[in-house]
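A quick write-up on the structure given underneath.
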Amino acid sequence: MDAPLSALSFWHDSLPAPPRRRPPLSGDIDVDVAIVGAGYTGLWTAYYLAAANPSLRVAVLERETVGFGASGRNGGWCSALFPAAASWLARRYGAAAAVAQLRAMRETVDEVGRVIAAEGVDAQWAKGGSIVAARTPVQLARARAQVSEARRWGDTDLELLDARAAQAVIGATGVLGATYTPHCAALHPARLVHGLADAVARRGVTVCEGTTVTRIRPGAAETDHGRVRARYVLRATEAWTARLPGSRRDVAPVYSLMLATEPLPASSWDALGLRRRETFADHRHLVIYGQRTADGRLAFGGRGAPYHLGSRIEARFDREPAVFADLRRVLVDLFPAVRDVAITHTWGGPLGVPRDWCASVGLDRVSGLGAAGGYVGDGVATSNLAGRTLADLVLGHDSELVRLPWVGHRSRRWEPEPLRWLGVTAGLRVMTGADAEEARTGRPSRRAAAFARVLGH
């Protein structure tokens, strides 16, 4: 075990009761579908398979515990964000395909809310939308360009707010304007993933915790507790894909860290805003993200933690004091009123980043092997779309979902080390330096633009 459950995140610590530990696999079994990974992707896939065909035998295999990875540690944004830009998708798959992908993402936000309500999951869902503040003239120009680009791809819901309208939503300092979309909900990630595990168990799905999959091959998942023979074997391991034999270069595990404040009094929220629990960020290059939790805290995170040579994942990498200090500094810069507020939790974990920054889902019907992932931190809703799509692919349904451009997409593999470390580290430094460059010059960062061209975005 990498870490005790209570050390994983604020979300795990704030579950209403300790989750029931499910037993490991007890020997060889035969099923129709074996799913590796009991996070959002694996559990959503199991949910839709069981709902569509209750006679299917489905087993979900998890090395640690339900929601051990990003599903239990993320920022709690159920958003319509897709990691690859529409223009990038259009260049490769056509404009109509790009529009369809983004439309499916917007619809997915409401689908997650629908299932939460239907299954009675107390995930503290609040669809207040998302506001991204522009706090410099360069950021404001970027916000305007983002809205213009959204219109190009059929998104008429992304709004550009002027300073007054933005400040009415978020009481951050220096707000010159903002973009706002209604297609986002704040939620409690661990409540969702454990509620989803309970929902699939009620439908007869077998969920095995403490079961390490050592090899995935056509017809079987080999584990330390026995062999699971299956017509379809689906990988839903996200950042932990790098630990599977032969998959170390499929995704780069890049860390994102978070902190949570103590609950704030109502008087503080009068000034901070976020009355509908809008999720929030700003238009800097190095990603930050936050939400107002149901119990009145600020849960706030960002990128910038180092990538570790060889795609290593270790519990100690969740704790980077310098990054937590930077996060607190940024949070206080946004909201000076929280300067003396206690930080009660700090945590982190790895994201799965494919070489081209494009998530994918697919199934080879000949071998029976399928997979989904590469969400680059935008996985709360995207994993639901992946689960529905994998279910349709397994069941042979010719749906709109299986014709989306990310279905069957193949990202090229990351470079061998040390080139992989050099590339990922350079990217992190470029994004950090880009924000400093813009603050110094008052002009858009040439470094960030050059890096985007290298990625092809």
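Here are a few things to note about the model shown:
- Simple point charges give the picture: +1 on the Cβ of Lys and Arg, -1 on the Cβ of Asp and Glu, and for region 225-322 a dipole about the Cα centre of about 680 debye.
- Sequence-distant residues sharing a close amide H with Gly373 (under 5 Å, placed H): Ser360
- Helix-only arithmetic for the chain: the sum of -39500 (n - 2.57) across DSSP H runs with n ≥ 4, divided by the residue total, places the mean residue ellipticity at 222 nm at -11000 deg cm²/dmol.
- Segments 246-255, 70-79, 268-277 sorted - mean Cβ within 10 Å per residue, highest first: 70-79, 246-255, 268-277
- Peptide packing: for 208-221, 365-378, the average count of neighbouring Cβ atoms within 10 Å per residue gives the ranking 365-378, 208-221, highest mean first.
- Each residue of region 430-435 was assigned a 3J(HN,Hα) from its phi angle through the Karplus expression (A = 6.51, B = -1.76, C = 1.60, θ = phi - 60°), giving 4, 5, 5, x, 5, 5 Hz with x at Gly and Pro.
- Per-q log10 I(q)/I(0), region 104-257, q = 0.08, 0.16, 0.17, 0.19 Å⁻¹ (Debye; single scatterer per alpha-carbon; no solvent): -0.41, -1.07, -1.11, -1.19
- Cut-off under 5 Å, modelled amide H: who pairs with Leu257 long-range: Gly302, Ala305
- Rounded to whole Hz, the Karplus (6.51, -1.76, 1.60) HN-Hα couplings of region 59-70, x for glycine and proline: 10, 10, 10, 10, 5, 10, 9, 3, x, 5, x, 4
- Between the beta carbons of Ala439 and Ala342, assuming R0 = 25 Å, the FRET efficiency works out to 0.30 to the nearest 0.05.
- If only the Cβ of Lys and Arg carry +1 and only the Cβ of Asp and Glu carry -1, the dipole of the chain around its Cα centre is close to 980 debye.
- Fully extending the segment from Asp364 to Arg20 would add 120.4 nm, taking 0.36 nm per residue of separation and subtracting the current Cα-Cα distance.
- Taking region 32-159 and dividing mean pair separation by its residue count, relative contact order in percent (alpha carbons under 8 Å, at least six apart): 17 percent
- The value of relative contact order for the chain, using C-alpha pairs under 8 Å at least six residues apart, is 23 percent.
- Taking the longest Cα principal axis of the chain as reference, the axis of helix 189-202 is set at about 20 degrees.
- About the centre of its Cα atoms, region 358-457 shows a dipole size close to 400 debye [charges on the beta carbon of Lys, Arg (+1) and Asp, Glu (-1) only; nearest 20 debye].
- Highest-first packing order for the peptide set 225-235, 319-329, 82-92 is 225-235, 82-92, 319-329, based on the mean count of other beta carbon atoms within 10 Å.
- Degrees, to the nearest 10: 137-152 long Cα axis against longest axis of the chain: 50 degrees
- Across the options Ala133, Gly42, Ser9, the greatest Cα extent toward the positive end of the charge dipole of region 2-151 (unit charges at beta carbon of Lys, Arg, Asp, Glu) belongs to Ala133.
- Candidates His188, Gly177, Ala95 compared by Cα position along the dipole of region 93-195: farthest toward the positive end lies Gly177, with charges placed on Cβ.
- Taking every alpha-carbon pair under 8 Å whose residues sit at least 6 apart, region 121-272 reaches a relative contact order of 21 percent.
Read-outs: derived from the displayed coordinates by stated rules, not from any lab. Small disclaimer: the values here were computed from a predicted structure and weren't measured. Virtual Cβ from ideal backbone geometry, glycine too; neighbours counted across all protein chains shown.
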